[in-house]
Amino acid sequence: MLTGPLFGPPELSDLIVVGAGVVGAACAYYATRSGLHVTVIDRGPVAGGTTGAGEGNLLVSDKEPGPELELALLSARLWRDLAAELPSRIEYERKGGLVVASTETAMTALRDFASGQGSAGVEAIEVPPDRLTGLEPHLAPGLAGGFHYPQDAQVQPALTAAHLLRAAADTGPGRLTLRLGEEVTAVLTGAGGEVRGVRTRAGESYAPYVVNAAGTWGGRLARMAGVELPVLPRRGFVLVTEPLPRVVRHKVYSADYVADVASGSAALQTSAVVEGTPAGPVLIGASRERVGFDRTLSVEVLRRLAAQATGLFPVLAGVRAIRSYAGFRPYLPD
C-alpha cells in the first residue's frame with residue numbers, strides 16, 4: 001500500500017491534489033511523470049467517492065459538439081495511450097457504444113444528433129433495424145434502429161485510479177506522497193491571497209499549486225479558497241447481475257439517455273444503459289436525481305432500471321441481480 005506521513009513537520013510539495021479518485025490519480029500520474037513531487041490527499045480511501053460508484057464510461061456518443069466533446073475526444077486518445085502503459089487489470093475495453101431508438105421519431109433525433117457529432121470528429125455509423133442483432137444478438141426485436149460509436153470505451157474505475165497512483169509512485173523515489181483518511185479543513189493562502197497549501201487534522205501541507213479533484217464535493221473545497229463553484233450531486237444507482245457469458249458486447253443505451261445526461265432537471269430520470277464487463281457481471285443503469293447527498297436505497301429506481309434493461313435485452317429477465325450501488329455524479333448548471 002502507498003502511504004505517506006500522517007504527522008510531523010509541514011510537507012513541501014510542488015503540487016497538492018485533493019481527491020484520490022480517477023481524476024486526482026491521473027493528475028498525480030502526469031505531474032510525477034513531468035518530474036514534480038506530488039502530495040495526494042483524500043478524506044477516504046482511493047476511489048472512495050464518485051469513482052468507486054461509477055461504471056467507468058469513456059464516452060463520446062452522449063456529447064453534443066462543443067468544449068465537452070472536444071475534451072472527450074482528447075480523453076479517448078489519452079486513454080488509448082494509458083492502456084498501453086498500465087496493467088491490463090484496469091479492464092480497458094474499446095468495445096464501442098450502441099445507441100438504439102425505439103421509434104422513428106427517436107431515430108430521426110439520433111440521426112440529427114450524430115450528424116452534428118460527425119462534423120466534430122466523432123465516428124457514428126447508422127445501423128438499420130435488420131442489422132442491430134449483428135452487433136447485439138440478444139437485443140429486443142422491433143427497434144427502429146441505432147448508431148454504433150466505435151470510439152466509446154470503458155475501464156474499471158477503482159482499479160484504474162489505484163494503478164495510476166501506483167504508476168505515479170513508480171516514477172521515482174519520494175515522487176508521490178499519498179495521505180488517505182485525511183479531510184482537508186482549510187486552504188492556506190498568503191497575504192496576497194495566493195494559495196500556499198492545505199490543512200488537515202494531521203497537519204499542514206505546502207505547495208504553490210492545489211488541484212481541486214474532489215468531484216461532487218469540489219464546491220466545498222472551492223469555497224475554502226474563496227471561490228464559488230456551483231457543483232451539485234446527482235445520485236445514481238447501478239444494478240449488478242451475476243457473472244454471465246458475454247451477453248452484451250457493447251455499451252448499449254436508449255436514445256433517452258442522451259437527453260437525460262444533458263438535462264438540468266432535478267427530478268428522477270431513468271434510461272436504459274446496459275453493458276457487460278470482462279469479469280462477467282452486466283452493469284445496468286442509469287438513473288439521476290438531485291436529492292443532495294442522500295444515499296437512501298430506492299427500490300422504485302432499481303425496479304425501473306431492471307424493467308428498462310429487460311425491455312432492451314429480454315434475456316436478462318431470467319438473470320439474478322446480486323447487488324446494487326449508489327454514487328453521486330458532479331452536476332454543473334452549464
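The values are calculated or read from the model by the stated rules, or taken from the named source; none is laboratory data. Keep in mind that this is a model prediction, so the values were computed, not measured. Positions of Cβ are generated from backbone atoms using ideal geometry, with glycine treated the same way; all protein chains shown enter the neighbour counts. The protein model used for the area step is the full one, side chains on, heavy atoms only, and it has no ligands, DNA or RNA in it. Shrake-Rupley method; radii C 1.70, N 1.55, O 1.52, S 1.80 Å.
So what's the net charge close to GLY56: Lys and Arg +1, Asp and Glu -1, counting the other residues with Cβ under 11 Å from its Cβ?
-3
Just the number, please: carbon plus sulfur as a percent of the accessible area of region 211-253, 1.4 Å probe, no ligands or DNA/RNA counted.
Ligands and nucleic acids excluded, carbon and sulfur give 61 percent.
Quick check: net charge around LEU73, other residues with Cβ under 14 Å of its Cβ, Lys/Arg +1 and Asp/Glu -1?
With Lys, Arg at +1 and Asp, Glu at -1, the neighbours total -3.
Would you kindly work out the equivalent ellipsoid of the chain from its C-alpha gyration tensor and give its semi-axes, the square roots of five times the eigenvalues, largest first in whole Å?
38, 20, 19
With every protein chain left in place, what is the accessible area per residue of region 94-194 in square angstrom, probe 1.4 Å?
Averaged over the residues of region 94-194, the accessible area is 44 Å².
Hey, got the dipole for the chain? About the Cα centre, +1 on K and R Cβ, -1 on D and E Cβ, debye to the nearest 20?
Dipole size: approximately 780 debye.
How would you classify region 160-275 from its alpha-carbon gyration tensor, with a ≥ b ≥ c the square roots of the eigenvalues: rounded for a/c under 1.5, else prolate if a/b is greater than b/c, otherwise oblate?
In terms of gyration-tensor shape, oblate.
Please compute the Cα-Cα pair-distance distribution of region 144-198 with 10 Å bins starting at 0, giving whole percents from short to long.
16, 24, 28, 17, 11, 4, 0
Hey, what angle do you get for helix 157-169 against the long axis of the chain, alpha-carbon based, 0 to 90 degrees rounded to 10?
Result, in degrees: 30.
Compute from the Cα atoms of region 106-212 the Rg and the Dmax, the latter being the longest Cα-Cα distance, and quote both in angstrom.
Here Rg and the maximum Cα pair distance are 24.3, 68 Å.
Taking the 0 to 90 degree range and rounding to the nearest ten, how far is the long axis of helix 22-33 tilted relative to the main principal axis of the chain, both from C-alpha atoms?
Once rounded, one gets 50 degrees.
How high is the relative contact order of region 250-334, in percent, counting Cα pairs under 8 Å that sit 6 or more residues apart?
Worked out over region 250-334, it gives 24 percent.
Among VAL187, PRO233, GLY203, flag the residue with its Cα farthest along the positive direction of the charge dipole of region 176-234, charges on Cβ as +1 for Lys/Arg and -1 for Asp/Glu.
The residue sitting farthest along the positive end of the dipole is PRO233.
To test your reading of the geometry: what angle, between 0 and 90 degrees and rounded to tens, separates the Cα axis of helix 104-118 from the longest principal axis of the chain?
That works out to roughly 40 degrees.
Sum up the charges of everything whose Cβ sits under 13 Å from the Cβ of ALA20, counting Lys and Arg as +1 and Asp and Glu as -1, but leave ALA20 out.
Here the charged neighbours net out to 0.
Sorted by accessible area with a 1.4 angstrom probe, largest first, how do ARG303, ARG249, ARG235 fall?
ARG303, ARG249, ARG235
Just reorder GLU126, GLU93 by solvent-accessible area, largest first, 1.4 Å probe, all chains present.
GLU126, GLU93
How many Å² of accessible area per residue for region 232-334, probe 1.4 Å?
Counting only protein heavy atoms, the per-residue value for region 232-334 is 43 Å².
Would you work out which of VAL315, GLY19, SER34 lies farthest towards the positive end of the dipole of the chain, given +1 charges on the beta-carbon of Lys and Arg and -1 on that of Asp and Glu, about the Cα centre?
Result: GLY19.
Starting with the highest mean, order 322-331, 52-61 by the number of other Cβ atoms within 10 Å, averaged over the residues of each peptide.
Result, highest mean Cβ count within 10 Å first: 52-61, 322-331.
Leaving ligands, DNA and RNA out of it, report the carbon-plus-sulfur percent of the accessible area of region 20-122 at a 1.4 Å probe.
54
Apply the Karplus parameterisation 6.51 cos²θ - 1.76 cosθ + 1.60, with θ equal to phi minus 60°, to every residue of region 179-184 and state each ³J(HN,Hα) to the nearest whole Hz, in sequence, with x for glycine and proline.
10, 9, x, 10, 8, 6
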